[in-house]
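Chemist: Could you have a look at this structure, given as structure tokens, before my questions?
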Amino acid sequence: MSGACVWTSSAGAWPAQAFGPSEAADLVVVGGGILGLSTALRAVRSGRSVRVIEASDIGTGASGLNGGQVIPGLKYDPETLIERLGVKRGEALARFGAATADAVFDLIEREHLAVPRQRKGWIQAAHTQAAADAAGRRARQWQARGVDARVLSASDIAELTGAKGYVGGWLDPRAGVIDPLAYTRELARLATEAGARIATNTRASRVERRALSRTPSRAAIASGIKWASLIGARSTSDTPSRNESTSPAARRLASRVLPTPPVPTSVTNRDSARCRRSS
Ligand SMILES: Cc1cc2nc3c(=O)[nH]c(=O)nc-3n(C[C@H](O)[C@H](O)[C@H](O)COP(=O)(O)OP(=O)(O)OC[C@H]3O[C@@H](n4cnc5c(N)ncnc54)[C@H](O)[C@@H]3O)c2cc1C
């Protein structure tokens with residue numbers, strides 16, 4: 001297996017511009033990942049002048065290297081959100097989380113983005129009874145909100161994936177997978193075509209507040225954990241995170257390579273293709 005990034009972008013390059021330090025804009029976005037480019041696109045389409053400053057190249061951050069899973073919802077289930085925030089705000093936040101996958105797939109369709117994708121759902125498989133019970137509760141909370149979620153038994157999981165050791169789980173039909181590098185680059189293309197200007201290989205070294213004689217400029221910091229260094233704060237963490245993927249396994253093989261307990265890291269390190277930054 002190769003050690004290269006699995007994502008191969010079908011999106012083309014776009015003409016990145018250089019701009020001088022004295023050039024004013026309504027909004028300067030620091031960081032050309034999905035967050036920064038979505039912000040830039042929304043702002044430029046609402047009539048603002050926008051500049052994006054990217055330290056490296058588009059898609060070299062987490063946005064171009066991630067697992068590509070587009071899974072609606074937030075870390076907390078709807079009922080937990082309601083418990084913590086009350087019915088009105090909790091349901092509003094749950095609705096926002098629920099809409100995220102549609103937002104991505106709808107944008108791809110509407111703008112005809114060259115982003116390889118599949119929308120066939122997502123299975124959260126549980127390896128303990130406690131995890132299976134939690135998966136069942138999660139599925140039922142979404143079912144109560146009109147989602148065609150399925151609670152899965154051990155045999156459902158084995159039938160759907162070939163993996164035999166799981167206790168149960170649930171299937172969220174709203175989810176899918178995209179090529180995140182292509183998506184990030186396509187966002188850059190859309191933002192550029194709408195009038196945003198993007199400077200790559202340009203690192204923001206500090207953010208200053210200044211009195212301005214014309215329309216107030218704004219800065220959006222969308223540069224991940226490194227934002228803290230821009231304002232002199234301590235960076236929050238630098239937790240290493242790795243994503244691995246393999247080609248789809250044949251059914252007989254799947255039942256052997258996805259056992260419970262989890263595959264030892266010595267095996268996954270040897271046999272998995274790793275997604276690395278390419279220079
Ligand atoms: C291994 C891994 C797997 C993941 N899998 C998934 C998944 O399957 N599904 C999912 O939804 N999410 C996943 N995520 C999370 C997802 O990738 C991130 O939430 C998302 O990409 C964050 O986008 P971003 O634009 O904020 O950050 P980034 O894409 O990291 O963009 C930040 C950009 O800022 C630039 N920058 C930094 N400092 C400066 C500076 N001083 N000046 C100028 N530019 C600067 C960087 O070069 C970078 O391009 C995963 C994350 C990781 C790490």
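The values are calculated or read from the model by the stated rules, or taken from the named source; none is laboratory data. Treat the numbers as computed from the prediction; the structure is a model and nothing was measured. Cβ atoms come from the backbone with ideal geometry, glycine included; neighbour counts cover every protein chain shown.
Chemist: Go through the range 70-109 and count every residue that is touching a residue at least 60 places away in the same chain (Cβ under 8 Å) and in contact with a helix residue (DSSP H, G or I) (Cβ under 9 Å, 6 or more places away or on another chain).
Modeler: 10
Chemist: Let me confirm something: among 93, 74, 85, which residue is more than 21 Å from the chain's Cα centre (by Cα) and not small (Gly, Ala, Ser)? Working first, answer last.
Modeler: On the way: 93 fails: more than 21 Å from the chain's Cα centre (by Cα); 74 fails: more than 21 Å from the chain's Cα centre (by Cα).
After applying the criteria, what remains is 85.
One line per residue, one yes/no per condition, for (1) surrounded by fewer than 16 Cβ atoms within 10 Å (Cβ to Cβ); (2) out of contact with any Leu (no Cβ under 6 Å at 6 or more places or on another chain); (3) among the β-branched types (Val, Ile, Thr):
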site	(1), (2), (3)
26	no, yes, no
29	no, yes, yes
49	no, yes, no
74	yes, yes, no
78	no, yes, no
81	no, no, no
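Chemist: Next question, about the same structure. Identify, please: which residue in the range 32-45 is near the ligand (Cβ under 6 Å from one of its atoms) and either over 15 Å from the mean Cα position of the chain (by Cα) or assigned to a helix (DSSP H, G or I) (or both) and is, among those, nearest to residue 108 (Cα to Cα)?
Modeler: 34
Chemist: Based on this model, can you work out whether residue 101 counts as away from the ligand (no atom under 16 Å from the Cβ), modelled with pLDDT of 95 or more, in a helix (DSSP H, G or I) and at negative phi? Outline the logic, then answer.
Modeler: Details: away from the ligand (no atom under 16 Å from the Cβ): no; modelled with pLDDT of 95 or more: yes; in a helix (DSSP H, G or I): yes; at negative phi: yes.
Here the answer is no, as residue 101 does not meet what is asked.
Chemist: Please go through the range 46-77 and give me each residue that is within 8 Å of the ligand (Cβ to nearest atom) and either among the β-branched types (Val, Ile, Thr) or not in a loop (DSSP other than H, G, I, E, B) (or both), ordered by number.
Modeler: Within the range 46-77, 53, 58, 60, 62, 63, 64, 65, 69, 70, 71 meet the criteria.
Chemist: Separate question: When residue 122 is evaluated against the numbered criteria (1) among the hydrophobic types (A, V, I, L, M, F, W, C); (2) modelled with pLDDT under 95; (3) within 16 Å of the ligand (Cβ to nearest atom), which criterion, by number, is the only one it fails?
Modeler: Of the numbered conditions (1) among the hydrophobic types (A, V, I, L, M, F, W, C); (2) modelled with pLDDT under 95; (3) within 16 Å of the ligand (Cβ to nearest atom), the odd one out for residue 122 is (2).
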